[in-house]
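Note sheet for the following structure.
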Amino acid sequence: MPTLAEKDIKTWLLENVKPDEFLEKDFKKSGILFEAVVPSGKIRETAAEFLAQGYFLESLTAVDFAECFEVVYHFNRWESPPKRCCVKILVPKEENKAPSISSIYKSANWFEREVYDLFGIHFTDHPNLKRILLPESSAIFPLLKSFKGEPAGSDVEQSLKLIEEDKEGFEIRYPQTITEHQKEYYLNLGPQHPSTHGVLRILLHLSGERVLDAEPIIGYAHRHHEKMMEIQTYQACWPNMGRLDYVGAMSYNFAYALLVEKAMGIQPSRRVEFIRVITTELNRITSHLLWLGTFLMDLGAFTPFFYCFDDRERILDILEMVTGERLTYDYFRFGGLDKDVPADFVPAVKAFIPHFKKRLRDYDLLITKNIIFQKRTKGVGVLSRENALAYGVTGPCLRASGVPFDLRRDEPYSIYPELDFDVAAAKDGDVFSRHLVRMQEMRESLKIVSQIIDKIPPGEITLGKLPKNVPKGETYTAVEGARGLFGMCLLSDGSLNPYRLKLRTPSFSNLNAMIDMVHGCFVSDVVSVLGSLDVVLPEIDR
Amino acid sequence: MEINPKELELMGKTQSPPPGLVNFFKVEDVFNLARAHSLWPLTFGLACCAIELMAGGAARFDMDRFGFGVVRPSPRQADLMIVAGTISRKMAPCIKTLYDQMPSPKYVIALGGCATAGGPFKYPGQYGILEGIDKIIPVNVYVPGCPPRPEALLAGILELQKQIIEGKAQGRTSPAVVHDSQDNRPAEHKNAISRAEFRKTT
């Protein structure tokens, strides 16, 4: 009973918690149903009730105001239409303490560490409150408005200092290498490791070859996107969108376009919507192809890498024809696109569709039905529904655990409601299920493209001149990226650049869930679980 | 082989003879020829450029046809480091460690804008990245682009081969602060606004 449950949480809040401020919001305009400012002492109670009603913690962030911090929680539920609610607590600056909800939501552990890292807000009773994105010896809280930047040359200075610290021994920052029992030891996987997909470091606690505990250590690709966006104009943020998740950059373009269009109250033409959906779906296929190739390479199969990259290059040719770029697209604009598609775009896509259909059959014969592959992946790295909820897992990883939650269908944006496609899902939640879901998603994306490639209507590509600033207010937008739910939370003060722009990236939560997925696995299974999660590190570290 | 002292100075080398009691220059030439044609790159990606590095190694661009497709996962077996992507300050010590672990002679290619000079993530007052890998380790070839196409990477490695054959692959580092006259982006760090006023007006 979705409508009943929504009333429940709202009435429950009004009756039991008695929020200091309560605002009903227009979901179409702001992306949330209601916003409640609750007393900070009652946030744990509130979070527990949200969890009991089946909400997951979508994002947790903070905003720095002159008189206090606002800690902002977004809760959402796996259903259609979505039930995103916003709960806030106010943290006075002199006190600088907020209660931790990490004992209720497992995902809050990392989120709170991130808020501590960037704002310096202490979460009481947090089990492991230390820096997550910046180096541990860092002395700054960069997202504070009082932080005015580092002096020129500080980058080399700090790097040399870190190198000097490092000389004293890499082990100092690890727990003891060998314990009394000798059988238990720590193994460091990364940050330079061929199968950590970039610069992820996982600290494995092992007993023999069995994993007792795994701690992902992130932040090695932190590129201060959020701070950059606060000092850049809205237009200047487009290149950041191409470089956050460079493998599936179109979805991020899509989210940013939708966010600012929502805040400005403008609507692009139908032609723009069609081209956006086609390019995004093609980009989703390239993302999944890259995943398939590298995932199989992690498992020891080298040939699929060449096959997948061959197909990927064909799509990149098409996208390059449209955008001029191979990888880090910034193609979308507010209310439109950078440029129209060329005349040979439609024939090129049409020629690709039958070729790729045949290739997908090949992949199934070579990989999915391969007995060695199945033995490596079935029953490994199981993600249960409960853990998916507690960690806020989204995207193909969630759908592989038997929850068909896809924002393209459940919180429809653009022209997705008019399209005929299925949400891919599998039951078991293991590595093999995640493989099946992504293979199915490539088929569905191809289905979407072939449905509308002939029907692109004529229309304008841009809306002409738009104001350079965004009206005052708060807006939330989420899209279904190739890795899951990508959310953007904008707080605009009406000026030329965002006051605060939180990027809720899917891999951050998905990687967090890995901690519970690898217990009892072998080390080689850690690599296969990690590959199946399809994480992109610069998107996690932002 | 005559070495012009001026050239050595340009390359950042002050003392003219290479270390060692006896130097066989002609033998060095033969060694260089061998080194240039058996570059073993280190498998190592930092960000976006790493995807183009992978594309360079895949079917269409096929790095292997030039003899540098033997990508090694361990720094102890590699002699070419392709720094592909943004170097965060947290990652800088790890890169330095990897570089130190590689046996000499070793070469470095800075792939893309970030590894060259900070790329799009450089702005006045930035706190997260190292503006160019040449500030901590010597670089032989810079490949521009964001990210560079795989062809550009191939051209970069061919350029490195040329340098090695000519015996000029010493690499160079850059000073800690480079004043960039081109960067005129104003860094408008905002002041905090009042929450009460913000709520009143929205």
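Points to keep in mind about this one:
- Filtering segment A:70-91 to residues that are touching a Leu at 6+ places or on another chain (Cβ under 7 Å) and either farther than 22 Å from A:Phe147 by Cβ or open to solvent by 10 Å² or more (accessible area, probe 1.4 Å) (or both) leaves A:Tyr73, A:Phe75, A:Lys83, A:Arg84, A:Cys85.
- Residue that is farthest from the other protein chains (Cβ to nearest Cβ) [pool: residues in segment A:118-133 that are charged (D, E, K, R) and in contact (Cβ under 8 Å) with a residue 24 or more places away in the chain]: A:Asp125
- Subset of segment A:292-311 (residues that are within 9 Å of chain B (Cβ to nearest Cβ) and touching a Pro at 6+ places or on another chain (Cβ under 9 Å)): A:Gly293
- Complete set of residues in segment B:147-167 that are open to solvent by 10 Å² or more (accessible area, probe 1.4 Å) and out of contact with any helix residue (DSSP H, G or I) (no Cβ under 6 Å at 6 or more places or on another chain): B:Arg149, B:Glu151, B:Ala152, B:Leu154, B:Ala155, B:Leu158, B:Glu159, B:Lys162, B:Gln163, B:Glu166
- Residue match in segment A:339-350 (condition: in a loop (DSSP other than H, G, I, E, B), in contact with an Asp or Glu (Cβ under 6 Å, 6 or more places away or on another chain) and β-branched (Val, Ile, Thr)): no
- Look at (1) touching a strand residue (DSSP E or B) at 6+ places or on another chain (Cβ under 7 Å); (2) part of a loop (DSSP other than H, G, I, E, B) and you find that B:Ala110 fails only one, number (2).
- A:Leu327 being more than 14 Å from every other protein chain (Cβ to nearest Cβ) and not small (Gly, Ala, Ser): no
- In the set A:Ser59, A:Ser40, only one residue is assigned by TED's automatic domain parsing to the domain that holds A:Trp110, touching a Lys or Arg at 6+ places or on another chain (Cβ under 8 Å), of a type in the set (S, T, N, Q) and open to solvent by less than 70 Å² (accessible area, probe 1.4 Å); that residue is A:Ser59.
- Restricted to segment B:126-142, and to residues there that are more than 20 Å from A:Arg243 (Cα to Cα) and assigned to a loop (DSSP other than H, G, I, E, B), the residue that is farthest from the other protein chains (Cβ to nearest Cβ) is B:Asn140.
- Boolean, A:Leu463 is under 23 Å from A:Gly335 (Cα atoms) and in contact with an Asp or Glu (Cβ under 7 Å, 6 or more places away or on another chain): no
- A:Glu320 fulfils the conditions (1) open to solvent by less than 70 Å² (accessible area, probe 1.4 Å); (2) under 30 Å from A:Ser433 (Cβ atoms); (3) assigned to a helix (DSSP H, G or I) except for a single criterion, (2).
- A single member of A:Phe309, A:Phe254 is modelled with pLDDT of 90 or more and more than 19 Å from B:Ile51 (Cα to Cα), and it is A:Phe254.
- Lone qualifier among B:Pro147, B:Pro120 - being farther than 21 Å from A:Asp155 by Cα, facing chain A (nearest Cβ under 7 Å) and modelled with pLDDT of 85 or more: B:Pro147
- Single condition A:Gly335 does not satisfy, out of (1) open to solvent by 50 Å² or more (accessible area, probe 1.4 Å); (2) on the phi > 0 side of the Ramachandran plot: (1)
- Qualifying positions in segment A:114-125 - open to solvent by 20 Å² or more (accessible area, probe 1.4 Å) and not aromatic (Phe, Trp, Tyr): A:His122, A:Thr124, A:Asp125
- Some residue of segment A:473-496 being closer than 25 Å to A:Pro239 by Cα and open to solvent by 40 Å² or more (accessible area, probe 1.4 Å): yes
- Qualifying positions in segment B:103-124 - in contact (Cβ under 8 Å) with a residue 40 or more places away in the chain and crowded, with 23+ Cβ neighbours inside 10 Å: B:Tyr107, B:Val108, B:Ile109, B:Leu111, B:Gly112, B:Cys114, B:Ala115
- When the residues of segment B:38-73 are filtered to those that are without any contact (Cβ under 8 Å) to a residue 24 or more places away in the chain and more than 7 Å from every other protein chain (Cβ to nearest Cβ), the one that is nearest to A:Ala249 (Cα to Cα) is B:Met54.
- Residue that is over 22 Å from A:Phe486 (Cα atoms) and either among the hydroxyl-bearing types (Ser, Thr, Tyr) or open to solvent by 10 Å² or more (accessible area, probe 1.4 Å) (or both), where the choices are A:Gly293, A:Gly300: A:Gly300
- Within the set A:Ala424, A:Ala390, the sole residue that is under 23 Å from the mean Cα position of the chain (by Cα), over 17 Å from A:Gly481 (Cβ atoms) and open to solvent by less than 60 Å² (accessible area, probe 1.4 Å) turns out to be A:Ala390.
- Residues in segment A:134-160 that are modelled with pLDDT under 80, surrounded by 16 or more Cβ atoms within 10 Å (Cβ to Cβ) and more than 7 Å from chain B (Cβ to nearest Cβ): A:Ser154 alone.
- Test: residue in segment A:98-110 that is within 14 Å of another protein chain (Cβ to nearest Cβ) and either open to solvent by less than 10 Å² (accessible area, probe 1.4 Å) or free of Cβ contacts under 8 Å to residues at least 40 places away in the same chain (or both): no
- The condition (being farther than 26 Å from A:Gly335 by Cβ, within 14 Å of chain B (Cβ to nearest Cβ) and open to solvent by 10 Å² or more (accessible area, probe 1.4 Å)) is satisfied by just one residue among A:Arg243, A:Arg223, A:Arg314: A:Arg314.
The values are calculated or read from the model by the stated rules, or taken from the named source; none is laboratory data. It should be emphasised that the depicted structure is a prediction, and the values quoted were computed from it without experimental measurement. Neighbour counts run over all protein chains shown; Cβ positions are idealised from the backbone, glycine included. We work out accessible area using only protein heavy atoms, side chains counted, and drop any ligands, DNA or RNA first. Shrake-Rupley method; radii C 1.70, N 1.55, O 1.52, S 1.80 Å.
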